[in-house]
Amino acid sequence: MRTLPWRDDPWEMVAALRRLAPPADEVRRAVAAIVADVRARGDEAVREHTRRLDGVDLPADYRLPPAAAGRCLAGLDPAVREALALAVANVRAYHERERPRGWRATLAQGQVVGQEVVPVAVAGLYVPGGLADYPSSVVMTAVPAQVAGVGRLVVCSPPRPDGGVAPGVAAACALLGVDDVYPVGGAQAVAAMALGTATVPRCDVIVGPGNAYVTEAKRQLAGEVGIDGLAGPSEVVVVCDESGEPEWLAADLLAQAEHGAGAVACLVDVGGTRLAAVSAAVGRLAAELGLDSGAVVGTACPDAAAALAFVNAFAPEHLELHCRDAAALVPAVRNAGAVFVGPYAATAFADYAAGSNHVLPTGGAARFSQGLSVDAFCKRVAVVELDAAAAAALAPAVTALAGEEGLRAHARSAALRATPRGEGGR
């Protein structure tokens, strides 16, 4: 575990920590070439880049047969299936509480205004994979889409050598009734979902975590398709005081560090009483689990106020508060993807089954964005209703403003409504 000297300027601390996870080089150009190729050649390009990058030859129709996903579900370890069902129930209960609803209101001039909340028709869910198996990412992306009422879900996940997706991913799709599953990963998967091919349906929104190439593809295609955000390497900031348990803190830090390249796990020790013990615990646990502890850093700060100033500047994906007054600190947290309150609330619980979503903003994006929610799959459509009285009441203001802007047809359009039918035109 590396240590950083504390700096009173929180932005200097942020810069020092961000430098530990530099962005990948050449990603932008590589992704632009893949996106342009999929745009031009569709499925042919998808299959070619999958063969080149993943070493897998996809058939002409590379959609995973639902029966194959069903077999994966049938063969799933009963304990894992039970755990998936629990996660689905908790995540669904969480997102049901945030479901947006339409509304109407009558304003002073008599006009009725409001909103209709409409789900998108097709949502693309990117589920990381390759050598790993992340059924939890299926749960986290599919469930809020289903709560929103999305009609069709499309899952893309990196292929296995046999041309399918990871078995846990396939099983989770079968459990949730997701039939459109494609063994494609990387930028070519995002491009296929955003642009549509003969095989992959064109999606209205694409959500889900991925590597640097997936994130860059979402960045380049945003505007042609809706996206949930630009998720980068995983990160956690753990704030502790003298009550912190070194072994627990070490495990929580390493749990994020094991996500791999670019991950950041930072301990902020209020008062500096736990830094040495946690550092030793990180070393022991990393050796026991065969993990690289290079992503784990620690620093000591003078007080909780300084720690929270750093937290709000860094805007971490995950924030853990291992302090005696943890709940009292939460109102002061303005920028974080998710806050975990108290020593028992390890990030790992929410990664899988606590109920909140694990697709969260990274890289400081928590300053202006939030975790994946039902809102990502919905559109708010404005509704306006006027009767003759409301039109007459509003027309003077509209004609005055339109006249000021030199928009004469706008003014005439409103003024016509202010006179009885048949008397306003010549």
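The values are calculated or read from the model by the stated rules, or taken from the named source; none is laboratory data. Since we're looking at a predicted model, the values are computed, not measured. Methodologically, a virtual Cβ is constructed for each residue, glycine included, from the backbone with ideal geometry; neighbour enumeration extends over all protein chains shown.
What the table shows:
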{"item": "The one condition in (1) surrounded by fewer than 24 Cβ atoms within 10 Å (Cβ to Cβ); (2) out of contact with any Gly (no Cβ under 7 Å at 6 or more places or on another chain); (3) not polar (S, T, N, Q) that Val238 fails to fulfil", "result": "(1)"}
{"item": "Residue ranges of strands (runs of 3 or more DSSP E) in the stretch 97-204 with at least 2 members among the small types (Gly, Ala, Ser) and within 21 Å of Ala217 (Cα to Cα)", "result": "122-126"}
{"item": "Any hit, the stretch 6-20, residues being under 24 Å from Glu258 (Cα atoms), within 25 Å of the chain's Cα centre (by Cα) and at pLDDT 95 or above", "result": "no"}
{"item": "Residue tally, condition over 14 Å from Leu176 (Cα atoms) and out of contact with any strand residue (DSSP E or B) (no Cβ under 8 Å at 6 or more places or on another chain), over the stretch 91-142", "result": "17"}
{"item": "Tyr126 of a type in the set (Phe, Trp, Tyr) and out of contact with any Leu (no Cβ under 9 Å at 6 or more places or on another chain)", "result": "yes"}
{"item": "Residue among Ala414, Ala389, Ala395 that alone is within 16 Å of Ala108 (Cα to Cα), out of contact with any strand residue (DSSP E or B) (no Cβ under 9 Å at 6 or more places or on another chain) and without any contact (Cβ under 8 Å) to a residue 40 or more places away in the chain", "result": "Ala395"}
{"item": "Filtered residue count, the stretch 74-96, keeping only those that are surrounded by fewer than 15 Cβ atoms within 10 Å (Cβ to Cβ), in contact (Cβ under 8 Å) with a residue 60 or more places away in the chain and not in a helix (DSSP H, G or I)", "result": "1"}
{"item": "Yes/no for Glu12 being surrounded by fewer than 16 Cβ atoms within 10 Å (Cβ to Cβ), of a type in the set (Asp, Glu) and more than 21 Å from Ala191 (Cβ to Cβ)", "result": "yes"}
